[in-house]
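**Student:** Before I ask anything, let me first share the structure, which is written out below as structure tokens.
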Number of protein chains: 2
Amino acid sequence: MRWGERLFCALVVSVVSVVAAVAAMAQPPAPEASTTSAVSPSATPGLFSEETLRDCQRLQQAALTSDYAWRQVAHLSNNIGPRLTGSAQAAKAVEYVSGELKALGCEVQLEKTMVPHWVRGDEHAELTQFPGQAENTTQKIVLTALGGSVATRPEGITAEVISVRNFDELKSLPREKVVGKIVLFDHSFDKQMAAQGHGGQAYGEAVVYRGAGASAAARQGAVACLVKSVGGADYRIPHTGAMHYDAGVPKIPAAAVTAEDAELIAALTREGPIKMHLVLTPQTLPDVESANVIGDIKGSERPDEIVIVSGHLDSWDLGTGAIDDGAGVAVAMQAAQVIQQLHLKPKRTLRVIAWINEENGSRGSKQYEHDHSAEFPKHFAVDETDSGAGHPIGINIKGKPELEKLLAPVAAILEHSGAGGLTLAEHIGEDIRPMEEAGVPAFSPMQDSRFYFNYHHTAADTLDKIVPRELQENAAVVAVAAYALANAERSLPR
Amino acid sequence: MRWGERLFCALVVSVVSVVAAVAAMAQPPAPEASTTSAVSPSATPGLFSEETLRDCQRLQQAALTSDYAWRQVAHLSNNIGPRLTGSAQAAKAVEYVSGELKALGCEVQLEKTMVPHWVRGDEHAELTQFPGQAENTTQKIVLTALGGSVATRPEGITAEVISVRNFDELKSLPREKVVGKIVLFDHSFDKQMAAQGHGGQAYGEAVVYRGAGASAAARQGAVACLVKSVGGADYRIPHTGAMHYDAGVPKIPAAAVTAEDAELIAALTREGPIKMHLVLTPQTLPDVESANVIGDIKGSERPDEIVIVSGHLDSWDLGTGAIDDGAGVAVAMQAAQVIQQLHLKPKRTLRVIAWINEENGSRGSKQYEHDHSAEFPKHFAVDETDSGAGHPIGINIKGKPELEKLLAPVAAILEHSGAGGLTLAEHIGEDIRPMEEAGVPAFSPMQDSRFYFNYHHTAADTLDKIVPRELQENAAVVAVAAYALANAERSLPR
């Protein structure tokens, strides 16, 4: 999940959890899923037939007891590994998911698109001058290049480091205080806010420095830009992520230091001048061809109307992309798998999409918009799961407020695994933004994301961060919601 | 803190917390420290005068409101940095602490000793063959050389990796299954046990593979040894630590992989053969001269009787040695500082020791034993603080059971900051082991160590892991206990 630098969506997503908790409490008691006739008429205001809801309960049980999604995310993480756009691993992942969807009986197409190919190089830094240092010693600084950063000279650069809290403090400095320096944006990710469930808001407030810091610093003559890692890890590991350069401003190298190293730099600069030797040698290579993987289970009655379930196949390169977003892809695949396992026939087409290039370019999303925007009026609903694999407490919905009431029977079923909340959100996922903006109703599991930003975009985004049971719960939410929508008795308001 | 590979001590220390909690509850209500006459006669069974106990309360207040220890550990961590024995930083730390103790008015001596000089080199590894891999790709393995390890060839070695749970499983394998392979000991640090306060026990059960794994593997023909990191981090960072080679067995390179990477290797080896390219280029250089720093506040009545407060000055090289053990040194220095600040005159000599080489050789400890063992009968009591800087709930005591009752008045004072527990322990600290074995009563703050092993021996052992208030609480425990003992009215049982 990139979450762009768009604060508004982060703010809204963060609000979701609280509202959701209230919504969950307001749900009617969930029927026991094993009682296939337990859906009462009063909980079925007409959008879904009783047969559909019974099938949803069967899908729920199948998803909650299947290890399919786990095996998929395990293969993507462990056997294929990091899947940064343009890499051999990303290409392998496209091939792999395509094969798996075919094996499920989906009609599979690869939607070709050109994608960026940025490759991390060497990256290390050390303080070469600082107050109180032992002779001929340095202090190591742990950092990682931001995605898209240009390189330093191969032998690195050495410059004084200045630390600022925010853009305003930087702007308040006379230009001569910044020229030739390395600027650190020492803006902290608010861990307390994240621990309270507002990780998205904490992220949104900090990520602006990652995205726009380099150009802001370059505008005042800086030679490199550092940001305090945007995330909650306190184990001296850096969080990477995308950054961008403004047109007309020199491109300077940009990296994220760990929270600990940012604090070290800030503490030492209070005592006296410090200098850093910084080596970053990433390369931006020519664009390469890649693809969204699209797998359809054709609708039996309205095949031209489409319900999408999706996640993104690319990941950052430091970890193995288990929670961001192997999990989302695996959950989407599982929706198709359980439908096939139970030999159900959705009336509308169920479309699984494994997006490419969510993290650093959204080329897959743009390609889909380019190829399919004329069909968006017949895209019935769209899901993207891209906030990890934490326990879901319900469904986020973007669309007309009436959807909340219309989806109540689905929520009643999902309450069985504690996922009975329904909440209106401003935004669901980066890859489906064009569809959201075209008015396609959008949804996603509403996940416990308290720990998501501890691991987000770090080397520690690995398979062990996923709790198998919670992955099953997410798969159940997506499968049930998608199947119900694919079989809805009438159109959704939009 | 090295904690050797001696299981028994680890076991006992882990038991301490539970007992301590009970002990704390059994303490009489603490007097308000601001009420200087609050020490009741009944809480004073004769070892300490009322004047001494009143002075202890003043010391407590001074320690709880001072930032001296914080400034010391900040300087050691941030300005000097990692202090591995033999490094320029370790030498600088010796010089720095010596100067600080002189500034406090201590009589300072440097007790010279030769120390090992092991230097970390390059270290990286990747899986070059594994099931399902994308063509021409590798999977990165995050690891760090164990202290004392020999090197691979500079270009590294490539070999198949086999994973075993323990020594028994290794021994059960035919030699031909091990010859030429890299052996991973996939033995997990028990995080649940640590979270319950039994970190020492969890550590003791896992650390045997770090210490003895390489020779065990080499005995069956392995070419390198990996251990799953001994510690609780789940952020893909490795825990280093000392290892040893058995005589007469080939020395093979040894490293700790992160918990995540151990799980990756174990998972992939279940699917098929995997190969690793491993580069470790540490060097063992000739021994260099270093020193214990010893600072005395001479006793006013019995200067030849000595109460020692101590921590160790060396650290591992990955982090900055804040909790292991800059904090212990800082707390010991603070004991001298508050005594001087209040112009108190201990009857016995208060001796601050900053030990060298606790982590990989105990040369400082051995030198002190060599130089001072004849004086051990007049060493009245000895402290070493080497379990971080977590909130102390009391005092660990190694010595005669009667000490528990004798020290109750001190515990009653310390209950003011929640440190009123008293517990008998089997072992206190590695550096003071020779004194413990000679019967010198030993003590240390009994700390909340639930998180200690998450950071132990990692790059994340940095200043931010110390809560300033908790450091003050530890300083108060050590200052009060040491001063009380230095002024005890009679000898301790031993």
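The values are calculated or read from the model by the stated rules, or taken from the named source; none is laboratory data. Everything quoted here is computed from the prediction, not taken from an experiment. Counting neighbours? That spans all protein chains shown, and the Cβs are built from the backbone with ideal geometry, glycine included. Quick note on the areas: whole protein, heavy atoms, side chains included, nothing else; ligands and nucleic acids left out. Shrake-Rupley method; radii C 1.70, N 1.55, O 1.52, S 1.80 Å.
**Student:** Just tell me how shielded A:314-323 is by partners: mean number of partner chain Cβ atoms within 10 Å of each residue's Cβ, no decimals.
**Tutor:** Partner Cβ neighbours, averaged per residue: 1.
**Student:** Quick one: check the C-alpha center-to-center distance for region B:454-469 versus region B:161-181, whole angstrom.
**Tutor:** Cα centres, region B:454-469 to region B:161-181: 36 Å.
**Student:** Also, I was wondering about something else. Would you work out the relative contact order for chain B, in percent, from Cα pairs under 8 angstrom that are 6 or more residues apart?
**Tutor:** 25 percent
**Student:** Amide H to amide H, which residues 5 or more places from B:MET114 or on other chains are under 5 Å from it, using H placed in the peptide plane?
**Tutor:** For B:MET114, whose amide H was placed from the backbone, the distant partners under 5 Å are B:SER290.
**Student:** Could you grab the relative contact order for region A:121-281? Cα pairs under 8 Å, six or more apart, rounded to a whole percent.
**Tutor:** Averaging sequence separation for qualifying contacts and normalising by length gives 39 percent for region A:121-281.
**Student:** Shifting gears a bit: Helices from chain A with mean Kyte-Doolittle at least 0.5 and a Cα length along the axis of 18 Å or more, per DSSP H: which?
**Tutor:** Once both thresholds are applied, what remains is A:7-26, A:327-341, A:468-486.
**Student:** Over the whole of A:137-150, what's the average partner chain Cβ count within 10 Å per residue? Rounded to a whole number, please.
**Tutor:** 2
**Student:** While we're on this one: Please give the charge dipole size of the protein assembly as shown, origin at the Cα centre, charges +1 on K and R Cβ atoms and -1 on D and E Cβ atoms. Round to the nearest 20 debye.
**Tutor:** Once rounded to the nearest 20, the dipole reads 160 debye.
**Student:** Could I ask something else about it? Efficiency by 1/(1 + (r/R0)^6): what FRET value for B:VAL249 and B:PHE451, r their Cβ-Cβ distance, R0 = 35 Å, to the nearest 0.05?
**Tutor:** With a Förster radius of 35 Å, E is 0.45.
**Student:** Let me know the charge dipole size of chain A about its Cα centre in debye, to the nearest 20, where only the beta-carbon of Lys, Arg (+1) and Asp, Glu (-1) is charged.
**Tutor:** The calculated dipole for chain A is roughly 360 debye.
**Student:** May I pose another question? Tell me, what HN-Hα J-couplings in whole Hz come from the Karplus equation 6.51 cos²θ - 1.76 cosθ + 1.60 at θ = phi - 60° for each residue of region A:107-113, using x for Gly and Pro?
**Tutor:** 7, 10, 10, 9, 8, 5, 7
**Student:** Given the peptides A:234-245, A:480-491, B:342-353, arrange them by the average over their residues of other C-beta atoms within 10 Å, most packed first.
**Tutor:** Put in order of decreasing packing, that is A:234-245, A:480-491, B:342-353.
**Student:** Right, something else. Mind checking which lysines have their Cα closer than 17 Å to the Cα of B:LYS347? Skip sequence neighbours fewer than 8 apart in that chain.
**Tutor:** The reachable lysines, counting only those whose Cα sits under 17 Å from B:LYS347, are B:LYS298, B:LYS378.
**Student:** Around B:LEU127, what is the net charge, scoring Lys/Arg as +1 and Asp/Glu as -1 over all other residues with Cβ under 11 Å from its Cβ?
**Tutor:** -1
**Student:** Still on this model: Divide by every residue of the protein assembly as shown the summed helix terms, -39500 (n - 2.57) for each DSSP H run of at least 4, and state the resulting mean residue ellipticity at 222 nm, rounded to the nearest 500 deg cm²/dmol.
**Tutor:** Helices in the protein assembly as shown give a 222 nm mean residue ellipticity of -10500 deg cm²/dmol.
**Student:** Give me the net charge of A:ALA69's neighbourhood, meaning all other residues with Cβ under 15 Å from the Cβ of A:ALA69; Lys, Arg count +1, Asp, Glu -1.
**Tutor:** Every neighbour counted, the sum reads -4.
**Student:** Would you mind listing the distances between the B:LYS366 label point and the same position in each other copy? Use 7 Å along Cα-to-C-beta, nm, one decimal, shortest first.
**Tutor:** So the label point of B:LYS366 gives 6.5 nm to the other copies.
**Student:** Still on this structure, please answer the following. By its C-alpha gyration tensor, with a ≥ b ≥ c as the square roots of the eigenvalues, how is region A:121-281 shaped: rounded for a/c under 1.5, else prolate for a/b larger than b/c, else oblate?
**Tutor:** Rounded shape, in that the Cα axes give a/c under 1.5.
**Student:** While we're on this one: Arranged from highest to lowest average of other beta-carbon atoms within 10 Å per residue, in what order do the peptides A:397-404, A:470-477, A:139-146, B:93-100 appear?
**Tutor:** Ranked by mean Cβ neighbours within 10 Å, highest first: A:470-477, A:139-146, B:93-100, A:397-404.
**Student:** Treating only the Cβ atoms of Lys and Arg (+1) and Asp and Glu (-1) as charged, compute the dipole magnitude of region A:118-181 about its Cα centre; round to the nearest 20 debye.
**Tutor:** The dipole of region A:118-181 has a size of about 240 debye.
**Student:** In this model, which of A:LYS140/B:LYS251; A:LYS228/B:LYS92; A:LYS191/B:LYS191; A:LYS275/B:LYS92; A:LYS140/A:LYS181; A:LYS92/A:LYS251 are farther than 24 Å apart at the alpha-carbon?
**Tutor:** A:LYS140/B:LYS251; A:LYS228/B:LYS92; A:LYS92/A:LYS251
**Student:** For B:ALA103, go 7 angstrom from Cα along the Cα-to-Cβ vector, then report the distances to that same point in the other copies in nm, smallest first.
**Tutor:** With the label placed 7 Å along Cα→Cβ, B:ALA103 yields 6.7 nm.
**Student:** While we're here: Can you classify region A:155-221 as rounded, prolate or oblate using the Cα gyration tensor, where a ≥ b ≥ c are the square roots of its eigenvalues, rounded means a/c under 1.5, and otherwise it's prolate if a/b beats b/c and oblate if not?
**Tutor:** prolate
**Student:** Considering the rotation that carries chain B onto chain A, locate the chain B residue whose Cβ comes closest to its axis and report the distance in whole Å.
**Tutor:** Here the value is B:TYR235, 2.
**Student:** Could you sort the peptides B:361-368, B:295-302 by per-residue average Cβ neighbour count (10 Å cutoff), highest mean leading?
**Tutor:** B:361-368, B:295-302
**Student:** For the pair B:GLU155 and B:THR284, what calculated FRET efficiency results from E = 1/(1 + (r/R0)^6), where r is the Cβ-Cβ distance and R0 = 22 Å, to the nearest 0.05?
**Tutor:** Plugging the Cβ-Cβ distance into 1/(1 + (r/R0)^6) gives 0.65.
**Student:** Under 16 Å from the 7 Å Cα→Cβ point of A:ASP304, by amide nitrogen: which residues of region A:455-494?
**Tutor:** Answer for region A:455-494: A:491.
**Student:** Okay, next question. Taking beta carbons within 10 Å but only from partner chains, what does the mean come to for residues B:460-468?
**Tutor:** 4
**Student:** Just to confirm my numbers, what's the Cα centroid distance between region B:273-301 and region A:375-396 in Å?
**Tutor:** Comparing the Cα centres of region B:273-301 and region A:375-396, I get a distance of 54 Å.
**Student:** Related question: As a test of reading the structure, rank B:THR281, A:THR138 by solvent-accessible area (1.4 Å probe, protein chains only), most first.
**Tutor:** A:THR138, B:THR281
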